[in-house]
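To keep things clear, I will list the structure first and then write my remarks on it.
Here, each number is a calculation from the coordinates, and none is a lab measurement. Quick caveat, the model's predicted, so the values are computed rather than measured. FYI the Cβ positions are ideal-geometry reconstructions off the backbone, even for glycines, and counts take in every protein chain you see.
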Amino acid sequence: MGIDEMKRMLEDLNPGIYCHCIRTMEEAARLSERYGEDTEKARIAGLLHDCGKKMVRGNDNLTHSKTGAAMARDIFHVSDEDILNAIAYHTTGRENMSMLEKIIFIADKIEQGRKYKGVSRLRKASYEDIDRAIIMSIESTVEYVKMKNAELDDDSIKTLKFLKEAK
Ligand SMILES: [Fe+2]
Ligand SMILES: [Fe+2]
């Protein structure tokens with residue numbers, strides 16, 4: 001399936017997240033050029049990263065990434081494992097992420113529609129050192145979660161620990 005058909009299907013399936021997905025696709029394409037990753041794969045993964053959202057609206061925010069990977073495979077006929085993993089792990093990251101996985105993780109957090117405290121610093125870091133940007137992003141989630149007295153999921157903690165040890 002071509003990317004234009006994917007766009008049409010995604011817009012029908014989930015108009016609420018369509019614009020965010022387009023912006024994530026554009027950011028992922030720019031990051032792929034910066035880090036020498038396949039731009040077409042980055043565009044597809046960026047476009048489809050939240051395709052699972054509608055199905056699990058109101059549910060645990062983390063499950064949409066796994067649902068999305070299954071939908072990318074079954075509905076959008078994506079067979080590339082790296083793209084499917086980038087979708088499946090875009091919320092929490094994981095240990096030993098591929099470059100494509102890192103690109104989608106961070107593109108989702110810095111796409112041009114994102115407006116939160118610290119986003120411009122994170123954008124800059126993303127193009128300097130993508131590992132440092134992911135560390136920054138997870139650390140700010142840790143702060144947020146602490147403030148809310150909630151619990152951070154294990155995968156995010158593992159990702160953070162892995163990247164810090166690799167530094
Ligand atoms: Fe997401
Ligand atoms: Fe997203």
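Odds and ends about this structure:
- Rounded to the nearest 20 debye, dipole of the chain from Cβ charges on Lys, Arg, Asp, Glu: 740 debye
- The chain - percent relative contact order, Cα under 8 Å, separation 6 or more: 20 percent
- In the chain, the DSSP-assigned H stretches of four residues or longer account for a calculated mean residue ellipticity at 222 nm of -21500 deg cm²/dmol, using -39500 (n - 2.57) per stretch and the full residue count as denominator.
- Rounded to the nearest Hz, the phi-derived 3J(HN,Hα) couplings of the stretch 124-133 under the Karplus curve 6.51 cos²θ - 1.76 cosθ + 1.60 (θ = phi - 60°) are 5, 4, 4, 8, 8, 7, 5, 5, 4, 5, where x marks glycine and proline.
- With R₀ set to 35 Å, the beta-carbon distance separating Glu11 from Lys148 gives a calculated FRET efficiency near 0.60.
- Cα convex hull of the stretch 3-166, projected area averaged across orientations, nm²: 9.0 nm²
- Reach of Lys148 by Cα under 28 Å, taken over lysines that are not fewer than 8 positions away in the same chain: Lys53, Lys54, Lys66, Lys102, Lys109, Lys115, Lys117, Lys124, Lys158, Lys161, Lys164
- Per-peptide packing, taken as the mean over residues of other Cβ atoms within 10 Å, places 154-160, 7-13 in the sequence 154-160, 7-13 from highest down.
- Within straight-line cross-link reach of Lys7, aspartates and glutamates at Cα separation under 15 Å, skipping those fewer than 8 residues along the same chain: Glu26, Glu40, Asp50
- In Hz, Karplus ³J(HN,Hα) per residue of the stretch 67-84 (6.51, -1.76, 1.60; θ = phi - 60°; x = Gly, Pro): 4, x, 5, 5, 5, 4, 6, 7, 9, 9, 6, 8, 10, 5, 4, 5, 5, 5
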